[in-house]
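All remarks here apply to the structure that follows.
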Amino acid sequence: GSSVQVVGYDVYLFDTMKGVGGTTRWSYDPATKKLTKGANLPAPAASMIGHLEKVSDSKAYLPLYGQGVVWIINPQTMKKTGEIALQEYAHGDNSADPAMGFVRDGKYYLSLNQIDPNASAPYADYPQSDVAIIDVQTDKVEKIASEKTSGLIYPTRSMAPHSGMMFTNEAGDLYIATSGYFGFNPANTKCGFLCIPKGATEFDTNRSWDISTTPIEGYEHKAATVINTQYIGNNKVAAYVGISELYTANPYTAKSSMAVIIDLNTKTIKQIEGIPLTDGHSVFIGKLKSKAVFAAFGTDKRGLFLYDPVAGTTEQILTTVGNPAFFHAW
C-alpha cells in the first residue's frame with residue numbers, strides 16, 4: 001500500500017495504507033543510473049501520508065491525512081522542522097483530512113477532503129469543497145476557500161499517484177479535480193473540476209464543472225467519479241473516470257475505470273481508444289515528454305499505454321503481468 005512521488009532526482013516512498021513506515025527519501029544519480037536509499041522520517045500510526053509539496057531545497061509540506069495536520073520538513077535531511085494545525089477547520093470531527101497541495105505565487109493551496117470517519121465518505125451534510133490557503137513565508141493559514149455552489153465534493157485524493165489532480169494551466173489558473181462519492185452513491189454522482197483563477201484566492205463558480213452530466217463521446221454511460229488526472233497542455237486533461245454501471249460486488253477488481261481526454265475549454269469528454277478498462281489499482285497517469293502515459297490492468301491487455309494528444313493515437317509501450325501502478329522517466 002505504498003505511494004511513490006518523484007521530485008527532481010529525489011524519490012519519496014510513503015507508507016500510505018499500512019501507515020507505520022513513515023516517508024523514505026531515495027536519490028537518483030543520472031550518471032550511474034542508480035537509486036540510493038536515504039533518510040527516513042517516521043510518522044505516527046495511521047498517518048496515511050501520500051503527498052509531498054516542495055517549496056525549496058530545505059522546505060517541503062507533508063500532509064498527514066489521517067492525523068489532520070501538515071508537517072513542515074527538510075526534504076533532503078528528512079527532519080521535521082514545524083507543523084501546521086488544521087483541527088479548527090475540520091467539519092464533524094477533529095480532522096479536515098488534508099490531501100494534496102500545490103504551491104502557486106507564494107501560497108500553498110491544500111485540499112481538505114472532510115471525510116466522515118463513520119461512513120468513510122464525505123459528510124452528507126457538507127456538500128462543498130474546502131481548500132486551505134497557507135502563506136509559505138509564515139506557514140500560517142490565511143483563509144479557507146470554499147466552493148458551495150456546485151455541490152462538488154472531495155477535492156483531489158490522498159495518495160501520490162493522484163497528485164495530478166491539482167494543477168495549473170498556461171494562464172496560471174489552478175484547477176482541482178473532485179471525486180465525490182467515487183460512484184458508490186447512486187443518488188449523488190457529482191464529480192468534476194473547480195477553479196481558483198490566477199491572482200485569486202476564491203473559487204470562480206462560473207468555471208465549476210460537474211462532468212457527471214456531460215456525455216462521454218463514443219460511450220453510452222457518463223462519469224460517476226474522477227479517479228485520476230494529468231494535465232497535458234492547452235486546457236486538455238488526460239484522465240481516468242469511474243463508470244458506475246461497470247461496478248461489481250468487488251470494487252477492487254472491477255474493470256470500471258475508463259481512460260478519457262477532457263477539454264476544459266469546450267467542456268467535452270471523449271473516450272481514448274486503445275486503452276482497456278482497468279481496475280482501481282492501475283490508474284496512474286504520467287507524462288513522457290508531450291505524451292501521456294496510462295497504466296492499465298485490462299482483461300486482455302496489461303501494462304503502460306502511450307497517448308499522443310496531437311495525433312490522437314495510442315500504443316502499448318510495456319506489457320506487464322501484474323498491476324502497473326507507477327511510472328516515471330528522467
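The values are calculated or read from the model by the stated rules, or taken from the named source; none is laboratory data. As the structure is a computational prediction, the values presented were derived from the model and not from experiment. Positions of Cβ are generated from backbone atoms using ideal geometry, with glycine treated the same way; all protein chains shown enter the neighbour counts. Note: accessible area is taken over every heavy atom of the protein model, side chains too, but ligands, DNA and RNA are not part of it. Shrake-Rupley method; radii C 1.70, N 1.55, O 1.52, S 1.80 Å.
A few points about this structure:
- Output for segment 209-225, where each listed residue is free of Cβ contacts under 8 Å to residues at least 40 places away in the same chain and assigned to a helix (DSSP H, G or I): 212, 213
- Among (1) in a loop (DSSP other than H, G, I, E, B); (2) touching a strand residue (DSSP E or B) at 6+ places or on another chain (Cβ under 6 Å); (3) more than 21 Å from residue 153 (Cβ to Cβ); (4) open to solvent by less than 10 Å² (accessible area, probe 1.4 Å), the one test that residue 254 misses: (2)
- Criterion: touching a Phe, Trp or Tyr at 6+ places or on another chain (Cβ under 7 Å), under 27 Å from residue 144 (Cβ atoms), open to solvent by 10 Å² or more (accessible area, probe 1.4 Å) and without any contact (Cβ under 8 Å) to a residue 40 or more places away in the chain - qualifying residue of 80, 37: 80
- Verdict on residue 315 being exposed (fewer than 15 other Cβ atoms within 10 Å of the Cβ), part of a strand (DSSP E or B) and among the charged types (D, E, K, R): yes
- Any hit, segment 226-244, residues being in contact with an Asp or Glu (Cβ under 6 Å, 6 or more places away or on another chain), of a type outside the set (A, V, I, L, M, F, W, C), touching a residue at least 24 places away in the same chain (Cβ under 8 Å) and under 22 Å from residue 155 (Cα atoms): yes
- Restricting segment 13-30 to residues that are among the hydrophobic types (A, V, I, L, M, F, W, C) and touching a Phe, Trp or Tyr at 6+ places or on another chain (Cβ under 9 Å), the residue that is surrounded by the most Cβ atoms within 10 Å (Cβ to Cβ): 13
- Within segment 135-157, the set of residues being surrounded by fewer than 23 Cβ atoms within 10 Å (Cβ to Cβ) and either at pLDDT below 95 or assigned to a strand (DSSP E or B) (or both) comprises 135, 141, 142, 143, 144, 145, 146.
- Of all residues in segment 221-266, exactly one satisfies the criterion of being of a type in the set (Asp, Glu) and more than 19 Å from residue 294 (Cβ to Cβ), namely 245.
- When residue 1 is tested against (1) small (Gly, Ala, Ser); (2) open to solvent by less than 60 Å² (accessible area, probe 1.4 Å); (3) over 15 Å from residue 64 (Cα atoms), exactly one condition is not met: (2).
- Segment 131-155 residues that are closer than 16 Å to residue 197 by Cα, paired with ones that are of a type in the set (A, V, I, L, M, F, W, C) and part of a loop (DSSP other than H, G, I, E, B) (beta carbon under 7 Å, 6 or more apart): 132/86; 145/203; 147/203
- Residue that is nearest to residue 282 (Cα to Cα) [pool: residues in segment 162-208 that are open to solvent by less than 30 Å² (accessible area, probe 1.4 Å) and in a helix (DSSP H, G or I)]: 162
- Residue check, residue 287 assigned to a strand (DSSP E or B), at pLDDT below 95 and open to solvent by 40 Å² or more (accessible area, probe 1.4 Å): yes
- Annotation: of all residues in segment 107-125 being more than 19 Å from residue 195 (Cα to Cα) and not in a strand (DSSP E or B), the one that is least open to solvent (accessible area, probe 1.4 Å) is 123.
- Residue 279 surrounded by 18 or more Cβ atoms within 10 Å (Cβ to Cβ) and among the acidic types (Asp, Glu): yes
- Of all residues in segment 172-210, those satisfying the criterion of being closer than 19 Å to residue 241 by Cα and among the β-branched types (Val, Ile, Thr) are 176, 178, 189.
- Exclusive hit being part of a strand (DSSP E or B) and over 19 Å from the mean Cα position of the chain (by Cα), set 54, 37: 37
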